[in-house]
Amino acid sequence: MNGGTMSEIWVYLSAQPLLWLTLTLAAYLLALALHRRAGGHPAINPVLISVALLVALLLLTDTPYPRYFDGAQFVHFLLGPTTVALAIPLHGQLKRLLSMAGPLTIALVVGSLTAALSAYAIAALMGASAPTLASLAPKSVTTPIAMGIAERLGGLASLTAVFVILTGIVGAIFASGLLARAGVRDEASVGFALGLASHGIGTARAFQLSEQTGAFAALAMGLNGLFTALTLPWILPMLAGLFN
């Protein structure tokens with residue numbers, strides 16, 4: 001089979017939506033196998049590896065993202081049901097959740113504000129533009145909510161998505177180790193911190209640690225999204241005035 005025939009076959013296959021869905025699932029399964037082969041080491045993050053594989057494939061084949069998304073959008077659709085399903089393990093932790101309501105509320109407020117305001121302040125001091133600042137502030141919120149917040153504040157949704165993914169990957173790789181070094185070993189506390197700082201990717205990492213850790217991470221991810229969406233639109237203008 002010559003190169004011209006192979007090229008024609010690829011052109012035909014790349015136009016089929018099922019191809020990109022299949023390749024997305026295959027990339028993640030490969031990344032998951034590597035993660036398990038490495039003994040679950042957080043640095044071998046399945047999301048990071050699968051994203052890198054897919055980006056490399058899109059670049060090598062010169063495939064535009066809209067064509068890829070036409071095929072892989074079913075995975076995007078499943079984010080909604082998956083997020084709702086996180087309530088199931090959380091329900092099993094309801095008794096402990098109620099007993100920790102006070103500390104968790106304080107952690108939510110402090111953690112959410114610190115994540116948004118520290119990123120904004122550092123970037124502002126480095127001379128970042130207003131759209132970049134608005135795109136960066138909701139970096140610790142799950143992607144759909146973060147993109148909506150950024151657009152409302154005058155940011156760029158696509159740039160926010162990049163910041164969110166990077167934040168999640170960094171948190172999933174380093175957060176549990178840093179918490180252990182700091183002496184934080186309680187599963188609920190570790191999970192809440194992971195979900196608060198690293199949203200969905202951190203929550204996925206939390207479920208790898210234990211069901212309780214994952215349940216509290218899911219709670220933190222949801223509450224942080226709600227709290228940030230309510231508070232950031234009126235906090236950010238005050239910060240803008242402070243740094244201008």
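Please verify whether ARG205 is outside any helix (DSSP H, G or I) and either over 28 Å from ALA240 (Cβ atoms) or at pLDDT 90 or above (or both), treating the condition exactly as stated.
Judged against the criteria, ARG205 is not a match.
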Single unsatisfied condition, THR167 versus (1) under 14 Å from the mean Cα position of the chain (by Cα); (2) surrounded by fewer than 19 Cβ atoms within 10 Å (Cβ to Cβ): (2)
Which one of the conditions (1) without any contact (Cβ under 8 Å) to a residue 24 or more places away in the chain; (2) part of a helix (DSSP H, G or I); (3) open to solvent by 30 Å² or more (accessible area, probe 1.4 Å); (4) farther than 18 Å from GLY202 by Cα does ALA123 fail to meet, given that it meets all the rest? (3)
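Just need a number here: residues in the range 56-78 that are under 21 Å from GLY202 (Cβ atoms) and either in contact with a Gly (Cβ under 7 Å, 6 or more places away or on another chain) or surrounded by 13 or more Cβ atoms within 10 Å (Cβ to Cβ) (or both).
Looking only at that region, the number is 1.
Restricting attention to the range 171-196, report how many residues are of a type in the set (A, V, I, L, M), within 12 Å of the chain's Cα centre (by Cα) and at pLDDT below 90.
Of the residues in the range 171-196, 1 are of a type in the set (A, V, I, L, M), within 12 Å of the chain's Cα centre (by Cα) and at pLDDT below 90.
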Residues in the range 142-158: is at least one over 15 Å from LEU232 (Cβ atoms), surrounded by 15 or more Cβ atoms within 10 Å (Cβ to Cβ), touching a Pro at 6+ places or on another chain (Cβ under 8 Å) and not assigned by TED's automatic domain parsing to the domain that holds LEU18? yes
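When the residues of the range 82-102 are narrowed to those that are part of a loop (DSSP other than H, G, I, E, B) and out of contact with any helix residue (DSSP H, G or I) (no Cβ under 6 Å at 6 or more places or on another chain), which ends up surrounded by the fewest Cβ atoms within 10 Å (Cβ to Cβ)?
Residues of the range 82-102 part of a loop (DSSP other than H, G, I, E, B): 86, 92-93, 100.
Applying the additional criterion that residues be out of contact with any helix residue (DSSP H, G or I) (no Cβ under 6 Å at 6 or more places or on another chain) yields 92, 100.
Details: GLY92: 12, MET100: 17.
Per the criteria, the residue is GLY92.
Tell me the residue from PRO144, PRO131 that is more than 16 Å from HIS199 (Cβ to Cβ) and assigned to a helix (DSSP H, G or I), please. Don't jump to the end; show me each part of the working.
Numbers: PRO144 fails: more than 16 Å from HIS199 (Cβ to Cβ).
Step by step, each of PRO144, PRO131 is checked, and only PRO131 is more than 16 Å from HIS199 (Cβ to Cβ) and assigned to a helix (DSSP H, G or I).
The values are calculated or read from the model by the stated rules, or taken from the named source; none is laboratory data. Remember, it's a predicted structure, so these values are computed and weren't measured experimentally. A quick note on method: Cβ atoms are made from the backbone with ideal geometry, for glycine too, and the neighbour counts reach across all protein chains shown. Each accessible area value is taken on the protein alone, full model and side chains, heavy atoms only, with ligands, DNA and RNA left out. Shrake-Rupley method; radii C 1.70, N 1.55, O 1.52, S 1.80 Å.
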